[in-house]
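Colleague: Pasting in a structure now, in structure tokens, and then I'll have a few things to ask.
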Amino acid sequence: MLVLGIETSCDDTAAAVVADGRRVLSNVVASQVAVHQEFGGVVPEVASRKHIELLAPAIRRALQEAGADWSDLEGVAVTYGPGLVGALLVGVSTAKAIAYALNIPLIGVNHLEGHIYANFLEQPQLEMPLLGLVVSGGHTDLIYMPEHGKYVLMGSTRDDAAGEAFDKVARVLGLGYPGGPAIERAAQGGNAAAVSLPRAWLEPGSLDFSFSGLKTAVLSYVRRQQQQGEGFSLSDLAASFQQAVVDVLVEKTLEAARRQKVAAVLAAGGVAANRCLRKTLKERGEKEGVRVFFPSLSLCTDNAAMIAAAGYYRLARGERSPLTLNAVPDLELF
Ligand code: KG4
Ligand code: ZN
């Protein structure tokens, strides 16, 4: 079954064709990063306009690269939330038009579910129950999955999302946007034990996260060093910050895995592209007998193949969205 996936929830315009929820025939991502870079972050109105320009060509290219024709498509999956409402609407309207014109089923997909399903593209044999760690620009969630399509929230951030913390700290350090990859680059060769930064474990047993104190600690450190005329090593500070985020993510994820007795953890979202997180969580998981999966780097950040994959499982269960499907900016998964 060939499913066309469409993703426009933030600043990436993406279209993909996926066969049977696992074979990625094409995965086109038209990034808007260059446009938003000069503003230091995503400007919602600019994102919507760019999606309008970029989406139709992206879909045509996705079909072309897949060697598929419109008539080969058997379903359209589209992100309908959470995200920027104007941005989401471009994808949703386009998907509805295609589904109506081709008379094929439409399925709305939750963006977070899409991130999780990026893992099934490469590991379709994974068996439930599983634990998901979604770490993106907007979310930091520990999610228990007893079966396909069922989600139980075990913990989430009380303030900044992990990716947001990377982005904000990168801005303080003058590293630009998006901050995650910039910090990872700056941290290379740095000493992660050089700067002592706090880890917010919160109250005993809590699986929630908090990253705003860490962000403030980085800011205070920079100010203090500057006031004392001492300067600091950018790579040491970036490495120490990255380690502080990774330490908390890894410990809480493994604690959640222990509690639910899952055999495997699926990491997902833009921050799952971070090499320090990938290495640490895999190594620590192995020691505890928990298998840890990460999507390939290109499937961690926003893309439409993951949306087509998540949509495929819903379509295969007979689920359909009506042509009245609307964008839901604060769509919940739970
Ligand atoms: O999933 P995503 O592409 O978009 C959202 O749904 O938010 O995630 C984007 C977030 C940004 O905050 C970005 O800084 C972060 O993921 N990110 C990273 C890395 N690559 C992207 N954070 C840390 N290390 C990375 N290599
Ligand atoms: Zn995302």
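Colleague: Are there DSSP H segments in the chain that both extend 27 Å or more along their axis (alpha-carbon positions) and score a mean Kyte-Doolittle hydropathy of at least 0.0? List them, or say none. Before the final figure, lay out each step's value.
Modeller: Values: long enough: 44-66 (31 Å, -0.22); 234-260 (39 Å, 0.15).
Passing helices, by number: 234-260.
Colleague: Longest segment of the chain with no GluC sites (Glu not before Pro) in a DSSP loop having at most 16 other Cβ atoms within 10 Å? Working shown, then result.
Modeller: Values: sites that count: Glu38, Glu74, Glu127, Glu147, Glu230, Glu288, Glu319, Glu332.
The reported range is 148-229.
Colleague: While we're looking at this one, here's another question. What is the range 113-204's relative contact order, in percent, from Cα pairs under 8 angstrom and six or more apart in sequence?
Modeller: Values: 100 pairs, mean separation 14.6, N = 92.
Computed over the range 113-204, the figure is 16 percent.
Colleague: May I pose another question? Which value in nm describes the separation of the simple spin-label points at Arg320 and Thr216, placed 7 Å from the Cα toward the beta carbon?
Modeller: With each label point 7 Å from Cα toward Cβ, the separation is 5.3 nm.
Colleague: Something else: How high is the relative contact order of the range 128-294, in percent, counting Cα pairs under 8 Å that sit 6 or more residues apart? Provide the component values of the computation, followed by the final result.
Modeller: Numbers: 317 pairs, mean separation 45.2, N = 167.
After rounding, I find 27 percent.
Colleague: With every protein chain present, what accessible area does Arg259 have (1.4 Å probe, heavy atoms only), rounded to the nearest 10 Å²?
Modeller: 110 Å²
Colleague: When only the heavy atoms of the protein chains count and the probe is 1.4 Å, how do Thr280, Thr301 rank by accessible area, highest first?
Modeller: On the way: Thr280 30, Thr301 65 Å².
Order by accessible area, largest first: Thr301, Thr280.
Colleague: Under 17 Å from a point 7 Å along the Cα-to-Cβ line of Glu74: which residues of the range 90-108 have their amide N that close?
Modeller: Under 17 Å, as judged by backbone N against the label point of Glu74, lie 99, 102-107 of the range 90-108.
Colleague: Under a crude label model (7 Å from the Cα following the beta-carbon direction), how far is Ala34 from Gln125 in nanometres?
Modeller: The modelled label-to-label distance comes out at 4.3 nm.
Colleague: Related question: What residue among Ala310, Ala34, Ala194 shows peak mean-square fluctuation when the chain is described by a Gaussian network model with Cα springs under 10 Å?
Modeller: Ala34
Colleague: Taking only the alpha-carbon atoms of the chain, what semi-axes of the equivalent ellipsoid follow from 5 times the gyration tensor eigenvalues under a square root, in whole Å, largest first? Show your work: numbers first, answer last.
Modeller: Values: eigenvalues 241, 109, 50 Å².
Whole-Å semi-axes of the equivalent ellipsoid: 35, 23, 16.
Colleague: Mind checking the dipole of the range 128-270: about its Cα centre, +1 per Lys or Arg Cβ, -1 per Asp or Glu Cβ, Debye to the nearest 20? Write out the running numbers ahead of the final one.
Modeller: Numbers: 13 positive and 14 negative charges, 6 e Å.
My answer is approximately 40 debye.
Colleague: Additional query: If a paramagnetic tag sat 7 Å from the Cα of Phe232 along the Cα-Cβ line, which residues of the range 181-200 would have the backbone N under 18 Å from that point?
Modeller: 182-200
Colleague: What does the charge dipole of the chain about its Cα centre add up to, to the nearest 20 debye, if the Cβ of each Lys and Arg holds +1 and the Cβ of each Asp and Glu holds -1? Write down the numbers at each step before the final one.
Modeller: Values: 30 positive and 35 negative charges, 84 e Å.
Roughly 400 debye, rounded to the nearest 20.
Colleague: Of all alpha-carbon pairs in the range 128-294, indicate the percentage at a distance above 22 angstrom. Numbers along the way, then the final one.
Modeller: Details: 5560 of 13861 pairs.
Within the range 128-294, distances greater than 22 Å cover 40 percent of Cα pairs.
Colleague: For the chain, with all protein chains present and a 1.4 Å probe, just round the carbon and sulfur fraction of the accessible area to a whole percent.
Modeller: Working: 6980 of 13880 Å².
It is 50 percent, rounded to a whole number.
Colleague: Among Ala47, Ala162, Ala193, whose mean-square fluctuation peaks in a Gaussian network model of the chain (Cα, cutoff 10 Å)?
Modeller: It is Ala193.
Colleague: Moving on. From the helices alone, meaning DSSP H stretches of at least four residues, give me the mean residue ellipticity at 222 nm for the chain, per-run term -39500 (n - 2.57), in deg cm²/dmol to the nearest 500. Walk me through the intermediate numbers first.
Modeller: Working: 11 runs with 150 residues, N = 334.
Computed mean residue ellipticity for the chain: -14500 deg cm²/dmol.
Colleague: While we're on this one: Projected onto the charge dipole of the chain (+1 at Lys/Arg Cβ, -1 at Asp/Glu Cβ, origin at the Cα centre), which of Val17, Ser48, Ser196 gives the Cα projection farthest towards the positive end?
Modeller: Ser196
Colleague: Label Gln64 and Leu202 with points 7 Å out from Cα along Cα→Cβ: what is the distance between them in nm?
Modeller: Using points 7 Å along Cα→Cβ, the separation is 4.7 nm.
Colleague: Can you give the accessible area of Tyr144 in Å² (nearest 10), computed on protein heavy atoms with a 1.4 Å probe?
Modeller: So the heavy atoms of Tyr144 present about 40 Å² to solvent.
Colleague: In a GNM of the chain with a 10 Å cut-off on Cα contacts, which of Val134, Val17, Val248 has the highest mean-square fluctuation?
Modeller: Highest fluctuation among the options: Val248.
Colleague: Per residue, how large is the accessible surface of the chain? Use a 1.4 angstrom probe and give square angstrom. Please list the in-between numbers first.
Modeller: Working: 13880 Å² over 334 residues.
Averaged over the residues of the chain, the accessible area is 42 Å².
Colleague: Which value, in Å² and to the nearest 10, is the accessible area of Ser206 when all protein chains are kept and the probe is 1.4 Å?
Modeller: 20 Å²
The values are calculated or read from the model by the stated rules, or taken from the named source; none is laboratory data. Predicted, not measured: the structure shown is a model, and the values here were computed from it. Neighbour counts are summed over all protein chains in view; Cβ atoms, including those assigned to glycine, are modelled from backbone coordinates with ideal geometry. Just the protein is used for accessible areas: all its heavy atoms, side chains included, with ligands, DNA and RNA removed. Shrake-Rupley method; radii C 1.70, N 1.55, O 1.52, S 1.80 Å.
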